[in-house]
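The values are calculated or read from the model by the stated rules, or taken from the named source; none is laboratory data. All values reported here derive from a predicted model rather than from experimental measurement. Glycine also receives a Cβ, built like all others from the backbone with ideal geometry; neighbour counts cover every protein chain displayed.
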Amino acid sequence: MRLFFHPASSASMRVTLYLRCRGIPASLVELVSTGFETDHRGIPVFTMPEGDPETEKVGTTDLTAFNPEGRIPVLVLPDGRKMTQSGPIVDYLEESTGRHGHRSMQPDDPWLRAQMRRIMWIVAADIQPYQNIPFIIQAIGEWGMVKAPPTEHPLRRHFIRREFGALETILRQCAGRHAVGNGITLADCFLVPQVRNALLAGIDLPAEFPLLSRAWEHAVAEPDVEAVLEEAGGIVQPYAFDADKFEIYTTITEP
Ligand SMILES: N[C@@H](CCC(=O)N[C@@H](CS)C(=O)NCC(=O)O)C(=O)O
């Protein structure tokens, strides 16, 4: 299998963290980095990698020709079938390759497993889409939303804080050393990239969300997690948009 991902993509990182922590070897799932560009608004655009056989098949570097959603991660199976959406990709990998991994990423207890999935869904469905930089830039430029630096935009901070507040209460019931129990789980794979985004947004994690902060500290102390973060540019999510193009675009489109 081949996973198309990019280090600047938090949804991709959910899957790369899973692969590394679970111990799925590269011989089973090869990582293929997409290209990265920014459009005239400064919005990141992921592109098919030059020279890749999949790029040759679709005949263009336009990602939407490969995945109509225009998003990553994308998992390609050996027979050419494709899958999208980080949660279902992880589920599929668990079911098809999990026996090769050296560490379980799911608690045995069904209630704790349900809490783990609850956390994954909150991150994927209720936080990430609302704090996404492309959405914020477009809302400022095209739909009159208040102009502010996209990474620290009040809308972004609002949705992160709102849901982190809920997570703090949930963690009170299910956290141990890690977010769900004492072992690293899929919940951490989803939380770590989201916390990274929150740090870029200027959220003071230890002061505002102490339980989440403790789970984060324990997760990033894991050598597997540390390695993935290092390859992706560090503990805080690096800038994934073009600030100069954003400034020009939003100045021109100011009402
Ligand atoms: N719900 C999707 C989200 C995927 C997603 O939003 N990926 C972003 C990068 S983090 C992307 O490819 N954005 C490109 C775009 O929106 O054009 C998942 O969980 O995989």
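Looking at segment 20-36, which of its residues are in contact with a Phe, Trp or Tyr (Cβ under 9 Å, 6 or more places away or on another chain) and either among the aliphatic types (A, V, I, L, M) or closer than 20 Å to P78 by Cα (or both)?
I24, L31, V32, S33, T34
Quick one: in segment 60-92, which of the residues that are small (G, A, S) and within 16 Å of the ligand (Cβ to nearest atom) is farthest from G23 (Cα to Cα)?
Quick first cut of segment 60-92, residues small (G, A, S) only: 65, 70, 80, 86-87.
Okay, now just the ones that are also within 16 Å of the ligand (Cβ to nearest atom), so 65, 70, 86-87.
Values: A65: 31, G70: 28, S86: 17, G87: 18 Å.
Step by step, filter segment 60-92, then rank; the result is A65.
What's the number of the only condition in (1) of a type in the set (K, R); (2) closer than 19 Å to G183 by Cβ; (3) out of contact with any Gly (no Cβ under 7 Å at 6 or more places or on another chain); (4) at pLDDT 95 or above that R99 fails to meet?
All conditions are met except number (4).
Name every residue in segment 13-59 that is within 11 Å of the ligand (Cβ to nearest atom) and more than 20 Å from D242 (Cα to Cα), in order of residue number.
M13, R14, V15
Quick check, is A227 part of a helix (DSSP H, G or I) and touching a helix residue (DSSP H, G or I) at 6+ places or on another chain (Cβ under 6 Å)?
The answer is no for A227.
What's the total number of residues in segment 57-95 that are touching a residue at least 12 places away in the same chain (Cβ under 8 Å) and closer than 21 Å to P25 by Cβ?
The number of residues fulfilling the criteria is 12.
Within segment 213-234, work out how many residues are out of contact with any strand residue (DSSP E or B) (no Cβ under 9 Å at 6 or more places or on another chain), under 19 Å from I170 (Cβ atoms) and crowded, with 16+ Cβ neighbours inside 10 Å.
Looking only at that region, the number is 4.
Just name the residue that is nearest to the chain's Cα centre (by Cα) out of those in segment 9-38 that are surrounded by fewer than 16 Cβ atoms within 10 Å (Cβ to Cβ), without any contact (Cβ under 8 Å) to a residue 60 or more places away in the chain and in a loop (DSSP other than H, G, I, E, B).
A26
Out of the residues in segment 56-82 that are touching a Leu at 6+ places or on another chain (Cβ under 8 Å) and not in a strand (DSSP E or B), which is surrounded by the most Cβ atoms within 10 Å (Cβ to Cβ)?
Here the residue is P73.
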